[in-house]
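J.: First, the structure itself, so that you have it in front of you.
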Amino acid sequence: MRALITGGAGFIGSYLVDRLLEMGENVSVIDNLSTGSLKNVEHHLKNPRFHLVVDTILNEMVMKKLVGECDHIYHMAAAVGVKLIMNRPVETLETNIMGTEMILRLANRYKKKVFIASTSEVYGKIMNGENASLLSENSDSMMGATTKRRWAYACSKALDEFLALAYFEEKKLPVIIARAFNTIGPRQTGQYGMVVPNFVQKALIGKPITVYGDGSQSRSFTHVSDVVDALIKLMSEPKAVGQIFNVGSSKEITIAELARIVKEMTGSSSEIEYITYEKAYGPGYEDMQRRCPDTSKIKNLIHFEPRNNLHDIIQSVIDYYKT
Ligand code: UDP
């Protein structure tokens, strides 16, 4: 089998590369190394089953060849990270919309099964705390105004999902979509906003750990290796075709509590500082208070159960940044 992984030098993509090579597959990666990094895959550069192309997924000539040669595709390439989206909205929209359009069109031309990485952002700012219900795949989404730039990312990924489902329904292209909920672990960069690497890095160098807003907002975090195992299982499960799955953990933690735990685990003397969203991201940002998945669908189909608890995951991130 030859897998094509777009964004394979990125955070989640590079773990997918590791696992598929371990399983004996041949792996081709296309990555423009914008948010991804050569460091994430350099340990495979001498492996004859690994092939890296440094280019954009918008290069149709290159993509035609790669899609034509592979057996199946994991489309992981995307502009991600709230800071990146706030700072570079054109790049976010172009990569996420035109890139996925290209992958689906070529996958359809060569009839290749394709996995589309989506995100829990597509639920938007729906307040799932109010009626205590968890977000399930058919829950309504609630996007903010188009003047609030943050939602550009959510809308672009929602459009990707629509297009993938349309290819499945209209053209019978085998597609599988997963919405990842706050995936964390070593190799994740804090540069584009993600909270855990930011807190850990600041704690390790004694800088203030900055909690945005009042810290009462909660998230549920999952280790990247649990997410990657789930994606691979979904790809080999015929019943997953044409479907969307939440991938995440249903254990929640507030961001204030997360800051406290990171401070404690690093033995840091950093202050925990509360700053406004406006100061953190500038205008055009809205947060969601709670975002917790209903994972019954993926549990029922592939018996998904995250193996790593939050304490172990944070420790692995601390160890990564220490070295
Ligand atoms: N956050 C924070 N400090 C940081 C980075 C993020 O308090 O240095 C908050 C952010 O406002 C959000 C939560 O942590 O409420 C998770 O942010 P992240 O960007 O990691 O993921 P999101 O769930 O927002 O996509």
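The values are calculated or read from the model by the stated rules, or taken from the named source; none is laboratory data. On a predicted model such as this, the values are computed, not experimentally measured, just so you know. Methodologically, a virtual Cβ is constructed for each residue, glycine included, from the backbone with ideal geometry; neighbour enumeration extends over all protein chains shown. Only protein heavy atoms, including side chains, enter the accessible area calculation; ligands, DNA and RNA are left aside. Shrake-Rupley method; radii C 1.70, N 1.55, O 1.52, S 1.80 Å.
J.: Placing +1 at every Lys and Arg Cβ and -1 at every Asp and Glu Cβ, with all other atoms neutral, what dipole size does the chain have around its Cα centre, in debye to the nearest 20?
T.: Using Cβ point charges on Lys, Arg, Asp and Glu, the chain gives about 480 debye.
J.: Same structure again: So what does the Cα-only Debye profile of the chain read at q = 0.10, 0.11 Å⁻¹, as log10 I(q)/I(0), no solvent term?
T.: One equal scatterer on each Cα of the chain leads to -0.55, -0.67.
J.: Rounded to the nearest 5, what is the percent of antiparallel bridges among the DSSP beta bridges in the chain?
T.: If we restrict to bridges inside the chain, about 5 percent are antiparallel.
J.: Let me ask something additional. For the charge dipole of the chain, defined by +1 on Lys and Arg C-beta atoms and -1 on Asp and Glu C-beta atoms about the Cα centroid, which residue among MET76, GLN243, ILE313 has the Cα displaced farthest towards the positive pole?
T.: Of the options given, the answer is MET76.
J.: Mind pulling up the Rg/Rh value for region 131-264? Radius of gyration and Kirkwood radius, both on Cα.
T.: Across region 131-264, the Cα-based Rg/Rh ratio is 1.01.
J.: Between the DSSP loop rule and a limit of at most 10 other Cβ atoms within 10 Å, which trypsin sites (Lys or Arg not before Pro) in region 229-323 are left?
T.: Numbers: sites: LYS233, LYS239, LYS251, ARG260, LYS263, LYS279, ARG290, ARG291, LYS297, LYS299, ARG307, LYS322; in loops: LYS251, ARG290, ARG291, ARG307.
Taking region 229-323 and a limit of 10 other Cβ atoms within 10 Å, the loop trypsin sites (Lys or Arg not before Pro) found are ARG307.
J.: Mean 1/r over all different Cα pairs, inverted: what Kirkwood radius does region 5-124 give, in Å?
T.: Answer for region 5-124: a Kirkwood hydrodynamic radius of 14.6 Å.
J.: Along region 30-43, what does the Karplus equation 6.51 cos²θ - 1.76 cosθ + 1.60 (θ = phi - 60°) give for ³J(HN,Hα), rounded to whole Hz, x for Gly and Pro?
T.: For region 30-43, the Karplus-derived couplings read 10, 8, 8, 6, 7, 9, x, 9, 4, 3, 5, 10, 5, 5 Hz, x marking Gly and Pro.
J.: Given a Förster distance of 25 angstrom, what is the FRET efficiency for ASP55 paired with LEU165, based on the Cβ-Cβ distance and rounded to 0.05?
T.: Efficiency computed from Cβ-Cβ geometry: 0.35.
J.: While we're on this one: Determine the calculated [θ] at 222 nm for the chain from helices alone, applying -39500 (n - 2.57) to every DSSP H run no shorter than 4 residues and normalising by the residue count; nearest 500 deg cm²/dmol.
T.: Value at 222 nm, helices only: -11500 deg cm²/dmol.
J.: How are the C-alpha pair distances of region 180-323 spread across 5 Å bins, as whole percents from the shortest bin up?
T.: For region 180-323, the pair-distance distribution reads 2, 10, 18, 20, 18, 14, 9, 6, 3, 1, 0.
J.: Solvent-accessible area per residue for region 165-323 at a 1.4 Å probe radius, Å²?
T.: Numbers: 7040 Å² over 159 residues.
Each residue of region 165-323 exposes 44 Å² on average to a 1.4 Å probe.
J.: What order, most packed first, do the peptides 192-203, 47-58, 157-168 have when packing is the mean number of other Cβ atoms within 10 Å of each residue?
T.: The most tightly packed comes first, giving 192-203, 157-168, 47-58.
J.: I've got another one for you. With the full set of protein chains in place, find how many percent of the accessible area of the chain is carbon and sulfur; take the probe as 1.4 Å. Before the final figure, lay out the partial values.
T.: Numbers: 7410 of 14080 Å².
Looking at the chain in its full context, I get 53 percent from C and S.
J.: Beta carbons within 10 angstrom, averaged per residue: use that to sort the peptides 205-218, 11-24, highest first. Intermediate values should be presented prior to the final figure.
T.: Values: 205-218: 16.1, 11-24: 20.3.
Packing proxy ranking, top to bottom: 11-24, 205-218.
J.: A further question on this structure: At 0.36 nm per residue, and after removing the present C-alpha to C-alpha distance, how many nm does the segment from THR146 to SER133 gain when stretched out fully?
T.: On the way: separation 13, 0.36 × 13 = 4.68 nm, distance 2.64 nm.
Once the chain is fully extended between THR146 and SER133, it gains 2.0 nm.
J.: I've got another one for you. Beyond 30 Å between alpha-carbons counts as too far, so tell me which of LYS125/LYS299; LYS83/LYS207; LYS125/LYS172; LYS157/LYS297; LYS111/LYS299 fall in that bin.
T.: Violating the 30 Å Cα-Cα cut-off are LYS125/LYS172.
J.: Moving on to the next point. Using the Cα centre as the reference, give the magnitude of the dipole from point charges on the C-beta atoms of region 19-171 (Lys, Arg: +1; Asp, Glu: -1; all else neutral), rounded to the nearest 20 debye.
T.: The calculated dipole for region 19-171 is roughly 300 debye.
J.: Would you mind working out the accessible area per residue for region 70-125, using a 1.4 Å probe, and quoting it in Å²?
T.: Spelled out: the 1.4 Å probe surface of region 70-125, per residue, equals 32 Å².
J.: Based on the Cβ-Cβ distance of GLU91 and HIS43, what FRET efficiency does E = 1/(1 + (r/R0)^6) give at R0 = 30 Å, to the nearest 0.05? Numbers along the way, then the final one.
T.: On the way: r = 28 Å, r/R0 = 0.94.
So the FRET efficiency works out to roughly 0.60.
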